[in-house]
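A short worksheet on the structure shown next.
The values are calculated or read from the model by the stated rules, or taken from the named source; none is laboratory data. Bear in mind the structure is a predicted one, so any value in this text is a computation, not a measurement. Cβ coordinates were reconstructed from backbone atoms using ideal geometry, including for glycine residues, and neighbour counts include every protein chain displayed. Areas reflect the complete protein model, heavy atoms only, side chains present, ligands, DNA and RNA absent. Shrake-Rupley method; radii C 1.70, N 1.55, O 1.52, S 1.80 Å.
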Amino acid sequence: MHDYLLETGIGINDFWADYLAIGIMILSIILLCIIANFITKKVVIRFITHIVNNNKYKWDNILLEKKVFHKLSHVVPAVIIYYFARSFPAYTEIIEKFAVLYIIIVAISVINSLLDALNDIYLNFEISKVRPIKGYIQVAKIVLFIIGSIIIIANLLGESPVIILSGIGALSAVLMLIFRDSILGFVAGVQLSSNDMVRVGDWIEMPKFGANGDVIDISLNTVKVQNFDRTITMIPSYALISDSFINWRGMQASGGRRLKRSLLIDTTSISFCSDEMIEKCKSIHYLKEYIVEREKEIENFNSKNKFDRSNIVNGRALTNIGVFRAYIGNYLQNHPGINKESTLMVRQLEPTENGLPLEIYAFANTTVWAQYETIQSDIFDHLFAVAPEFGLRIFQNPSGNDLKSGLLSGGNSNTLK
């Protein structure tokens, strides 16, 4: 170009011919880069987009959404600049270094987008809920950026990446300290995934971190939990390995949630059933067959052993607490909200200063929280209401109203006297 400008005879001297030739070359390269970039984005990318949008596969749409192809198109201008770098002998080395630097940065950006696309593609499969790979993707990104940084530094210094890497090896202790959480998180992620300890969508409870809700994300360093009050709790991944937590997945998978609650019976209200009470219980739908069968069984037992029934202490007899316990069992067996295939029992626990605990152990046939609470409340509403029909009192510590009523009663008694 320099010789051509001198031969044109337009009066340009040798000094200005050099600068003009360089300027024309730079403008030509810029124009060529613009044309190549335009062809790549407007023709090639549009053609690829058309193919992607008109096939039956979904994974390539994700590559398009993550702009993998768009980012890859940025390599073309850098390649052109690198190719024409020798046209500027004095600056060839610098131009080539920066062109390579740009290509490396674009390559890192493309691989980073590919990793994001890989994670999104994997999320479309059901196994992603059981074996999430987000933590592994983040580890791969860390490795990518470390290697990319080493290559960039080696390119700028004109040294081999191996030499730079050996120098970084001496700083391994510092790197271990910097990436401590990431390393612990990676190890924890491997254990959580291999042992299937937690999945996205699991309901977990971890009081230490104030977490009680659904897992919505599992990353390299943290597990994100959305609590039932809509707040978000971030738990370090390694904390799920080092500390204990409750995973309610088994309950949700079983299709039923445990109901375990006690009625506290005032022990002074427990007594043998009178004939009048037995006849009354025979009119209760859930007790008629039970009373008839138990009466026959008790009568046969007492007759066989020749017990003198003139004293109620002798032999066997029905008690109001026993009849009430049988009623609860039959009531639960016929309740539409109770899972009949799971364990169901009504049992007495050790008496305490608060009375005799009559524990109900059963499973609701739903895991939906609101429905479960409704079923549980309906059952105990009914039991609290029917307990007096069996001559039983529910224990309750005296309230202010109880004390007031007692004082008034005492006052009236004294007045009558």
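The number of residues in segment 240-277 that are modelled with pLDDT of 90 or more, more than 24 Å from Thr374 (Cβ to Cβ) and of a type in the set (A, V, I, L, M) comes to 3. Of all residues in segment 264-321 being polar (S, T, N, Q) and assigned to a loop (DSSP other than H, G, I, E, B), which is surrounded by the fewest Cβ atoms within 10 Å (Cβ to Cβ)? Taking the candidates together, the pick is Ser310.
Do we have Val106 as under 26 Å from Ile121 (Cα atoms) and assigned to a helix (DSSP H, G or I) here?
So Val106 fits the description; yes.
Condition test on Ser193, is it in a helix (DSSP H, G or I), open to solvent by less than 60 Å² (accessible area, probe 1.4 Å) and either closer than 28 Å to Phe228 by Cβ or at pLDDT below 75 (or both)? In short, yes.
Based on this model, can you work out whether Gln226 counts as among the polar types (S, T, N, Q) and part of a strand (DSSP E or B)? Yes: the conditions hold for Gln226. The residues in segment 113-142 that are over 21 Å from Glu65 (Cα atoms) and in a helix (DSSP H, G or I) can be counted, and the count is 7. Just a yes or no: is a residue in segment 240-255 open to solvent by less than 70 Å² (accessible area, probe 1.4 Å), part of a helix (DSSP H, G or I) and touching a helix residue (DSSP H, G or I) at 6+ places or on another chain (Cβ under 8 Å)? The answer is yes, given that some residue of segment 240-255 is open to solvent by less than 70 Å² (accessible area, probe 1.4 Å), part of a helix (DSSP H, G or I) and touching a helix residue (DSSP H, G or I) at 6+ places or on another chain (Cβ under 8 Å). Can you find, within segment 345-390, the residue that is modelled with the highest pLDDT among those that are in contact with a helix residue (DSSP H, G or I) (Cβ under 7 Å, 6 or more places away or on another chain) and among the hydroxyl-bearing types (Ser, Thr, Tyr)? Applying the filter and picking the extreme gives Thr366.
Please verify whether segment 337-354 includes one or more residues that are in contact with a Gly (Cβ under 9 Å, 6 or more places away or on another chain), open to solvent by less than 90 Å² (accessible area, probe 1.4 Å) and among the small types (Gly, Ala, Ser). The answer is yes; a qualifying residue exists. Looking across segment 357-383 at every residue that is of a type in the set (S, T, N, Q) and under 29 Å from Ile270 (Cα atoms), the one that is most open to solvent (accessible area, probe 1.4 Å) is identified as Ser377.
Contact map, segment 317-328: first residue closer than 21 Å to Phe307 by Cβ, second residue of a type in the set (D, E, K, R) and assigned to a helix (DSSP H, G or I), Cβ cut-off under 7 Å, separation 6 or more or different chains; pairs are Leu318/Arg294. Set side by side, the residues Thr319, Thr267, Thr231 differ, and just one is under 47 Å from the mean Cα position of the chain (by Cα) and under 30 Å from Thr352 (Cα atoms), which is Thr267. Taking each residue of segment 111-139 that is more than 19 Å from Ser182 (Cα to Cα) and touching a residue at least 12 places away in the same chain (Cβ under 8 Å) and looking for partners that are open to solvent by 70 Å² or more (accessible area, probe 1.4 Å) and among the hydrophobic types (A, V, I, L, M, F, W, C) with beta-carbon atoms closer than 7 Å, six or more apart or interchain, yields Ile121/Trp59.
The condition (being out of contact with any Leu (no Cβ under 7 Å at 6 or more places or on another chain) and of a type in the set (A, V, I, L, M, F, W, C)) is satisfied by just one residue among Ile80, Ile137, Ile94, Ile111: Ile94. Here the helices (runs of 4 or more DSSP H) wholly within segment 1-94 that include at least 1 residues being modelled with pLDDT under 75 are 2-7, 14-39, 45-53, 59-65. Pairing residues of segment 362-374 that are closer than 21 Å to Asn330 by Cβ and outside any helix (DSSP H, G or I) with residues that are among the polar types (S, T, N, Q) and open to solvent by 70 Å² or more (accessible area, probe 1.4 Å), at Cβ distances under 8 Å and at least 6 apart in sequence or on separate chains, gives Ala362/Thr343; Phe363/Ser254; Phe363/Thr343; Ala364/Gln371. Of the set (1) in contact with a Lys or Arg (Cβ under 7 Å, 6 or more places away or on another chain); (2) at pLDDT 90 or above; (3) part of a helix (DSSP H, G or I), all apply to Met234 but (3).
I need a count of the residues in segment 149-174 that are modelled with pLDDT under 65 and surrounded by 13 or more Cβ atoms within 10 Å (Cβ to Cβ). Looking only at that region, the number is 1.
Set side by side, the residues Asp229, Asp217, Asp181 differ, and just one is at pLDDT 80 or above, open to solvent by 50 Å² or more (accessible area, probe 1.4 Å) and of a type in the set (Asp, Glu), which is Asp229.
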